[in-house]
Amino acid sequence: MHISEGILSAPVLLTTGAACLAATGIGLARLDYERVPRVGMLASAFFIATLISVPVGVVGVHLLLNGLLGLLLGWAAFPAILAALFLQAILFGHGALTTLGANTISMALPAVICYYTLSHRIASATTSRQVFRLGFVSGVLAMLLSLIIISIFLLLSGKEYRVAVALVASFHLPLALVEGFVTGAATSFLYKTRPELLKAPMNSLRQKDTP
Amino acid sequence: MTKFLVTFCSIILIGLATSPVAAHKLSIFATTDGKTITGYAYSAGGNRITEHPIRIESTEGKTLATLTTDKQGNFQYLPTATIDHKFILETTDGHAAQFTIKADEIQGNFTASSFPMPSPKITNDNIKNTAATTPPPQNPALITQVQHLREDIQALRDQTRLRDIIGGIGYLIGIAGIAFYFLGTTKNHPDKTNNTGNPDN
């Protein structure tokens, strides 16, 4: 799912690069001193998870964990994912440096969307089963949104991928279910052990959800 | 948080240790015996990419030909000019791979002359130059060995080594540490707002 060199057109690369920088700036500005270790550790978890590739389809699919990152980090998912993808591009050659912006947006934007739609509900959840369900939804939603965003980038670059986009989606749908289960399990585990992590991922400019 | 991360990371690392960690990458490998270029396309874990189009481009970007890999992921091409050949494979989900066969590997006799190697007059002056530009002898066993060597080098490059993973994680935690330090000196630090009179701040 990392888009490689030479696939996207220059306007798409430039726009996504600029947008990614802006979003990372927002993520860093809203980052709290006490939450930095969490960002580092979750970035490492994302780094490892995207490395494990299951050989399905042409290249192989891998878990994203961006649903979990969105719920726990909010906007800070952008710098976390950008750093992890940058290191993957340098160390392993997954994806290219030019497509960093596009790849980051395709993975971090769904994380932020999941944050805005689901984290309030998780914060006010009462049972761990509820949290599992919300985590599951977050995992599936994040994976599907990532697929949609990647397809949009490919189509905008003029590639004739209409049939292929459907094919790609079919490989990834079962994976989205697995992602949902993993995210749900992780969030319900956190709910039982450290619920304060799910309550306030980051500073809000509205000051409404800062503890 | 530590308990969660310990279990999480140990699950991931067990998964890494037990299965061959594949680099989620697309690759092309090609060699030539001077006349024909043969190669194959493969992905993470060694799976071959079967029945997929491959484009051949020159260094200027001109498309020389389009091939399709066969059921084993192999392809073959007969070069018609002594130039660099770039083999490009692009999949439909945004992955791409390329491999270049350099011009000096192709022993082209595309002119009217039927001698494969031009043999300049060997004098004392140009003996060194001749040695550098004369192509290697056509020894099939040697060619096969070199091909295997190149495959091994490519496989080495493809490997996702554990030390690279640990290096990446180290970098991430290091960056987090630096951010931790800098944020500690800004107004985000909780102690700053309390005016404790600490001389270090």
Problem - Verdict on B:LYS25 being open to solvent by 10 Å² or more (accessible area, probe 1.4 Å), at pLDDT below 85 and at the interface with chain A (Cβ under 7 Å from one of its Cβ atoms) - result: yes
Exercise for the section: Return only the number of the condition from (1) out of contact with any strand residue (DSSP E or B) (no Cβ under 9 Å at 6 or more places or on another chain); (2) at the interface with another protein chain (Cβ under 10 Å from one of its Cβ atoms) that A:HIS62 does not satisfy. Expected result: (1)
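Conditions (1) touching a Lys or Arg at 6+ places or on another chain (Cβ under 8 Å); (2) surrounded by 10 or more Cβ atoms within 10 Å (Cβ to Cβ); (3) at pLDDT 80 or above, marked per residue:
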| residue | (1), (2), (3) |
| --- | --- |
| B:GLY94 | no, yes, no |
| B:THR130 | no, yes, no |
| B:GLY174 | no, yes, yes |
| B:ASN188 | no, yes, no |
| B:ASN195 | no, no, no |
Completion exercise
B:ASP84: passes all of (1) more than 14 Å from chain A (Cβ to nearest Cβ); (2) open to solvent by 60 Å² or more (accessible area, probe 1.4 Å) but (2)
Handout entry: When residues of the stretch A:65-75 are limited to those that are part of a helix (DSSP H, G or I) and within 14 Å of chain B (Cβ to nearest Cβ), the one surrounded by the most Cβ atoms within 10 Å (Cβ to Cβ)
Key = A:LEU69
Practice task
Out of A:VAL36, A:VAL112, A:VAL54, report the one residue that is more than 18 Å from B:PHE180 (Cβ to Cβ), within 9 Å of chain B (Cβ to nearest Cβ) and of a type in the set (Val, Ile, Thr).
Solution key: A:VAL54
Completion exercise
Residue pairs within 7 Å by beta carbon, gap of at least six or interchain, first lying in the stretch B:150-179 and under 30 Å from B:ILE101 (Cβ atoms), second charged (D, E, K, R) and open to solvent by less than 80 Å² (accessible area, probe 1.4 Å), listed first then second, are B:ASP158/B:LYS25
Handout entry: Scan of the stretch A:1-33 for residues that are open to solvent by 30 Å² or more (accessible area, probe 1.4 Å), out of contact with any Gly (no Cβ under 7 Å at 6 or more places or on another chain) and within 7 Å of chain B (Cβ to nearest Cβ), ordered by number
Key = A:GLU5, A:GLY6
Exercise for the section: Kindly establish whether B:PRO137 is at negative phi and at pLDDT below 55. Expected result: no
Fill in the blank from the handout: B:LYS86 passes all but one of the listed conditions (1) modelled with pLDDT under 75; (2) touching an Asp or Glu at 6+ places or on another chain (Cβ under 6 Å); the exception is number (1)
Handout entry: Residue satisfying condition, being free of Cβ contacts under 8 Å to residues at least 12 places away in the same chain, part of a helix (DSSP H, G or I) and either surrounded by 24 or more Cβ atoms within 10 Å (Cβ to Cβ) or of a type outside the set (Ser, Thr, Tyr) (or both), within set A:LEU97, A:LEU87, A:LEU118, A:LEU91
Key = A:LEU91
Problem - Residues that are open to solvent by less than 60 Å² (accessible area, probe 1.4 Å) and part of a helix (DSSP H, G or I), drawn from the stretch A:121-140 - result: A:ILE122, A:ALA123, A:SER128, A:VAL131, A:LEU134, A:GLY135, A:PHE136, A:SER138, A:GLY139, A:VAL140
Problem - Candidates A:PHE46, A:PHE78, filtered to the one that is buried (at least 24 other Cβ atoms within 10 Å of the Cβ), within 12 Å of chain B (Cβ to nearest Cβ) and of a type in the set (Phe, Trp, Tyr) - result: A:PHE46
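The values are calculated or read from the model by the stated rules, or taken from the named source; none is laboratory data. Small disclaimer: the values here were computed from a predicted structure and weren't measured. Methodologically, a virtual Cβ is constructed for each residue, glycine included, from the backbone with ideal geometry; neighbour enumeration extends over all protein chains shown. Remember, those area values only see protein heavy atoms, side chains included, never the ligands or the DNA or RNA. Shrake-Rupley method; radii C 1.70, N 1.55, O 1.52, S 1.80 Å.
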